[in-house]
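S.K.: The structure under discussion is supplied below as structure tokens; questions concerning it will follow.
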Amino acid sequence: MGAQLSKQQERRKALSTEKKTLCDLSGSCGTDFPGCDYRPKDRKNWMSELNPEKVHVNQIVWPGTHDSATNKIGIPCITRPFAQCQSLSIYEQLVLGTRVVDVRIQEDRRVCHGILKTYNVDVVLSDVKRFLSETESEVIILEIRTEFGHQDPPEFDKYLEQQLGEFLIHQDDHVFGKTIAELLPKRVICVWKPRKSAQPKPGGPLWSSGHLKDNWIDTDLPSTKFESNLKHLRDQPPVSSRKFFYRVENTVTPQADNPVVCVQPVTSRIHGYARLFITQCYSQGCADRLQIFSTDFIDGDFVDACAGATHARIEGKA
């Protein structure tokens, strides 16, 4: 008992130190970066505002959500706080400006997060198609993967093709150098990551797992995650020469040996430092590597920061 208490005291001290580290860094460095003052007039159509004929796929800083379809997961007020990473539906996230969604599924096509489950993936695809029907030039990266510990839904690749076929941008390395206008009317890059089934083939309507990479570390310590994100980003090639999407997640996650196990109070430790992270990318010389930037509980300011960084690239200010 005494050892456990001592361990918790050490963790609280470490957490306090890490929170102070980020706070002090923000105070000393600020959060100004090229495009930081840009605000889309309409987040639902922020890509369109930037002119689809000018916006190249590899210039976009894509605002994304982590565990995107968890707004109704589990049982409200009982299990939901332990797995909910977003409070908005997929449609609401897209309207807010999200352009990369991360969906995990199990064998019966229901969305899940670990052992907890929620609605059928049909709900996700219906939200995506509704958004696409209401916009003209917004491009989405839809990542769907089989959750760890689960089996792949049978023939799920064929199901995705049937549901999204008219919108699917086929797997092709040339896409990264194209403008949005050159992709239209196709508007969805769908990355399907099965656990055991065959990976999507080059040239097909779905993209394979190697086209969306990240370096996830499982921690609830905000400065540790922040610095890890920067380190791994520095190791990536610039977006101009990359033939895959690379994601940085501005999140921290609850740990089993810590008393605070609800997602929102834990991830809030890093949530407010998204603009600081972009600023540090510039000061550390790796802003040309930033591409997908995702978060839990996405908000308008996060979208604005990504849209602003994109705008600066297009205007030659970054």
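The values are calculated or read from the model by the stated rules, or taken from the named source; none is laboratory data. Since this is a predicted model, take the numbers as computed values, not measurements. We place every Cβ from the backbone using ideal geometry, glycine too, and count neighbours over all the protein chains shown. Quick note on the areas: whole protein, heavy atoms, side chains included, nothing else; ligands and nucleic acids left out. Shrake-Rupley method; radii C 1.70, N 1.55, O 1.52, S 1.80 Å.
S.K.: Please state which of the following conditions Ile141 fails to meet, knowing it meets all the rest: (1) in contact (Cβ under 8 Å) with a residue 60 or more places away in the chain; (2) assigned to a helix (DSSP H, G or I); (3) among the hydrophobic types (A, V, I, L, M, F, W, C).
M.R.: Only one criterion in (1) in contact (Cβ under 8 Å) with a residue 60 or more places away in the chain; (2) assigned to a helix (DSSP H, G or I); (3) among the hydrophobic types (A, V, I, L, M, F, W, C) is unmet by Ile141, namely (2).
S.K.: Go through (1) more than 21 Å from Thr21 (Cβ to Cβ); (2) among the polar types (S, T, N, Q); (3) touching a residue at least 60 places away in the same chain (Cβ under 8 Å) for Ser223 and report which single condition fails.
M.R.: So Ser223 meets the others, but not (1).
S.K.: Hey, another quick one. Given the conditions (1) in contact with a strand residue (DSSP E or B) (Cβ under 9 Å, 6 or more places away or on another chain); (2) within 19 Å of Ile292 (Cα to Cα); (3) of a type outside the set (Gly, Ala, Ser); (4) assigned to a helix (DSSP H, G or I), report the number of the one that Asp67 does not fulfil.
M.R.: All conditions are met except number (4).
S.K.: Just one of Ile105, Ile60 is surrounded by 15 or more Cβ atoms within 10 Å (Cβ to Cβ) and under 30 Å from Thr179 (Cβ atoms); which is it?
M.R.: Ile60
S.K.: Could you list all residues from region 161-210 that are surrounded by fewer than 16 Cβ atoms within 10 Å (Cβ to Cβ), in contact (Cβ under 8 Å) with a residue 60 or more places away in the chain and not in a helix (DSSP H, G or I)?
M.R.: Lys178, Thr179, Leu184
S.K.: Can you spot a residue in region 84-97 that is touching a Pro at 6+ places or on another chain (Cβ under 9 Å) and charged (D, E, K, R)?
M.R.: no
S.K.: Can you tell me which of (1) under 18 Å from Phe176 (Cα atoms); (2) in contact with a helix residue (DSSP H, G or I) (Cβ under 6 Å, 6 or more places away or on another chain) is the one Gly210 doesn't meet?
M.R.: Exception for Gly210: condition (2).
S.K.: Still on this structure, I have one more. Got at least one residue in region 27-41 being free of Cβ contacts under 8 Å to residues at least 40 places away in the same chain, in a loop (DSSP other than H, G, I, E, B) and open to solvent by 10 Å² or more (accessible area, probe 1.4 Å)?
M.R.: Among the residues of region 27-41, at least one is free of Cβ contacts under 8 Å to residues at least 40 places away in the same chain, in a loop (DSSP other than H, G, I, E, B) and open to solvent by 10 Å² or more (accessible area, probe 1.4 Å), which makes the answer yes.
S.K.: Helices (runs of 4 or more DSSP H) wholly in region 258-318 with at least 2 residues that are open to solvent by less than 10 Å² (accessible area, probe 1.4 Å) and within 16 Å of Ser240 (Cβ to Cβ) - which ones?
M.R.: 300-314
S.K.: Still on this structure: Could you please tell me which pairs satisfy a Cβ distance under 8 Å, a separation of 6+ or placement on different chains, a first residue in region 253-265 that is closer than 18 Å to Leu116 by Cα, and a second residue that is assigned to a loop (DSSP other than H, G, I, E, B) and hydrophobic (A, V, I, L, M, F, W, C)?
M.R.: Pairs found: Pro254/Val260; Pro254/Val261; Pro254/Cys262; Gln255/Val261; Val263/Ala83; Val263/Cys85; Gln264/Phe297.
S.K.: Right, next: If you scan region 3-26, which residues turn out to be in contact (Cβ under 8 Å) with a residue 60 or more places away in the chain, open to solvent by less than 70 Å² (accessible area, probe 1.4 Å) and not β-branched (Val, Ile, Thr)?
M.R.: If the condition is that a residue be in contact (Cβ under 8 Å) with a residue 60 or more places away in the chain, open to solvent by less than 70 Å² (accessible area, probe 1.4 Å) and not β-branched (Val, Ile, Thr), then Gln8, Arg11, Ala14, Leu15, Glu18, Leu22, Leu25, Ser26 are the ones that fit.
S.K.: Follow-up. I'd like to verify a number: residues in region 211-233 that are among the small types (Gly, Ala, Ser) and open to solvent by 60 Å² or more (accessible area, probe 1.4 Å), how many?
M.R.: Residues flagged as among the small types (Gly, Ala, Ser) and open to solvent by 60 Å² or more (accessible area, probe 1.4 Å) within region 211-233 amount to 0.
S.K.: Do we find a residue being open to solvent by 30 Å² or more (accessible area, probe 1.4 Å), among the β-branched types (Val, Ile, Thr) and more than 21 Å from Ile298 (Cβ to Cβ) anywhere in region 117-139?
M.R.: Looking through region 117-139, none of the residues is open to solvent by 30 Å² or more (accessible area, probe 1.4 Å), among the β-branched types (Val, Ile, Thr) and more than 21 Å from Ile298 (Cβ to Cβ).
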